[in-house]
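The values are calculated or read from the model by the stated rules, or taken from the named source; none is laboratory data. Please read these numbers as outputs of a predicted model, since none were measured by experiment. Cβ: placed from backbone, ideal geometry, glycine included. Neighbour counts: every protein chain shown. Calculation scope for accessible area: heavy atoms of the full protein, side chains included, ligands and nucleic acids excluded. Shrake-Rupley method; radii C 1.70, N 1.55, O 1.52, S 1.80 Å.
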Amino acid sequence: MDILKSLGHPEEIFNLFKFKMGGCRAVMPKLDYESMSDSLRSCYVYLNQTSRSFAAVIQALDGELRHAVCIFYLVLRALDTVEDDMTIPLEKKVPMLNNFHTYLYQEEWCFTESHEKDRQVLEDFPTISLEFRNLAQEYREVISDICHRMGVGMAEFLEKKVGSMKEWDQYCHYVAGLVGIGLSRLFSASQLEDPEVGRDTELANSMGLFLQKTNIIRDYLEDTQEGRAFWPREAWSQFASRLEDLAQPEKLESALSCLNLLVTDALRHVPDVIAYLSRLRNQSVFNFCAIPQVMAIATLSTCYNNPMVFQGVVKIRKGQTVTLMMEATNMRAVQTIIAQYSQEILKKVSLTDPSRDKTLHILALIQEKSTLPQPGLSSRSHHLSPMYLSAAMLLAALSWQYLSTTAAQAQGTGDMQ
């Protein structure tokens, strides 16, 4: 039960209740699907089916930017599905990736041979490409350009492993940094943000790299079990003969050293994240950009020095997720969240960790760029008595069951399935 996991965090319990009873509309306003064309409505169905984290924040964007980003996401999801599908032979996959941007202007192109879970975006690509062609030219140019560059980069790494830390940056640039650059150009093209946001590719690239590296670090076990290797050889070869050996119990100390090295590398992008977010002026764009970033640093804090990365699935609590979504709506709050999680990582840095000095250095820089809560203000950390916890457990369980039932009845009509 999600609420029981948050019993030591009363602000999470409050936000779970608030979110369940409609507080989600503050950051994720409900869309008017009835006014959309059938093809555009289908695109939003695919968006909700294929996105674990971005669907909600995309749908909260203002005006025509929302549709542009939705289509951008689906085009890249289709491209990524081709890359991920291990059943497509290289002689077919490489030309597909290199030429994928041209399919945007081929009305009937689709691919029905994929076995990936998100294959619907390939099977019904004509619907997505139709809505792409309905976008304004300034959006089409950005989406087509990024799709082309990403496809070429993906094809390059199909035939080689991620070796050096520099190549790790390069791979993450192709699959995520370009997304950050493309989104920034879309923000500026919509005139919701200043032209400088779209021009500064270095900061935009860091936004993507931070998210991608976090995902790669968290998904170690899933990727290695499915035959995928995204941790850079330069890092893991210092601690094991094979990447998959890090999951062996006797290798735990070496595995944690490798994990902490990669977390430290990911954290070096956080100062750029802070600089990027501080430039944003539109509230919906800020929420769209800030929410995934604070979830990423929360995830890295959970992953740091955590043996579970090599044993199972590492996730942040649902109450934690909801709280971050509802709090990360202004720059001061984001800086406070970043400062909190960097402090949590700092407390876990071992005296014997090989990356200790680098970790401490980047954490100090992040603290310098962040704004900590002023003395006298309530902290996000709470110390609770056993009596409170016992009472809260009973009350929370009963309240959550009641609220879940009533909320389902109140919101059961009119929502898009």
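I want the local charge near Asn134. Using Cβ-Cβ distances under 14 Å, sum +1 for each Lys or Arg and -1 for each Asp or Glu among the other residues. Every neighbour counted, the sum reads -1. Distance between the pseudo-spin-label points of Asp194 and Gln238 (7 Å out from Cα toward the beta carbon): 3.9 nm. Which of rounded, prolate, oblate describes the stretch 120-260, given a ≥ b ≥ c as roots of the alpha-carbon gyration tensor eigenvalues and a/c under 1.5 marking rounded, otherwise prolate only if a/b is larger than b/c? In terms of gyration-tensor shape, prolate.
For the stretch 82-98, backbone phi angles converted through the Karplus equation (6.51, -1.76, 1.60; θ = phi - 60°) give residue-by-residue couplings of 5, 4, 6, 6, 6, 8, 7, x, 4, 5, 9, 5, 4, x, 4, 5, 5 Hz, Gly and Pro being listed as x. Summarising the label geometry, the points placed 7 Å from Cα in the beta-carbon direction at Asp245 and Lys161 lie 1.2 nm from one another.
Measuring between alpha carbons in the structure, the pairs from Lys93/Lys161; Lys251/Lys318; Lys166/Lys348; Lys213/Lys251; Lys166/Lys318 lying more than 24 angstrom apart are Lys251/Lys318; Lys166/Lys348; Lys166/Lys318. In terms of the Cα gyration tensor, with a ≥ b ≥ c the square roots of its eigenvalues, is the stretch 246-307 rounded because a/c is under 1.5, prolate because a/b exceeds b/c, or oblate? Prolate shape, in that a/c is at least 1.5 and a/b is the bigger ratio. With the Cα gyration tensor of the stretch 54-93 giving a ≥ b ≥ c as the square roots of its eigenvalues, does the rule (a/c under 1.5 for rounded; else a/b larger than b/c for prolate; else oblate) give rounded, prolate or oblate? Since a/c reaches 1.5 and a/b is larger than b/c, the shape of the stretch 54-93 is classed as prolate.
Give me the 1.4 Å probe accessible area per residue for the stretch 227-378, excluding ligands and nucleic acids, in Å².
43 Å²
Spin-label model, Lys347 to Leu252: label points 7 Å out along the Cα-to-beta-carbon direction sit 2.1 nm apart. Listed values for the stretch 129-146 are Karplus-derived 3J(HN,Hα) couplings in whole Hz (6.51 cos²θ - 1.76 cosθ + 1.60, θ = phi - 60°), namely 5, 4, 5, 4, 5, 7, 6, 5, 4, 5, 6, 4, 4, 5, 5, 5, 4, 5, and x replaces Gly and Pro.
How do Trp109, Trp168 stack up against each other in accessible area, from largest to smallest, with a 1.4 angstrom probe?
Working: Trp109 45, Trp168 0 Å².
Highest to lowest solvent-accessible surface, that is Trp109, Trp168.
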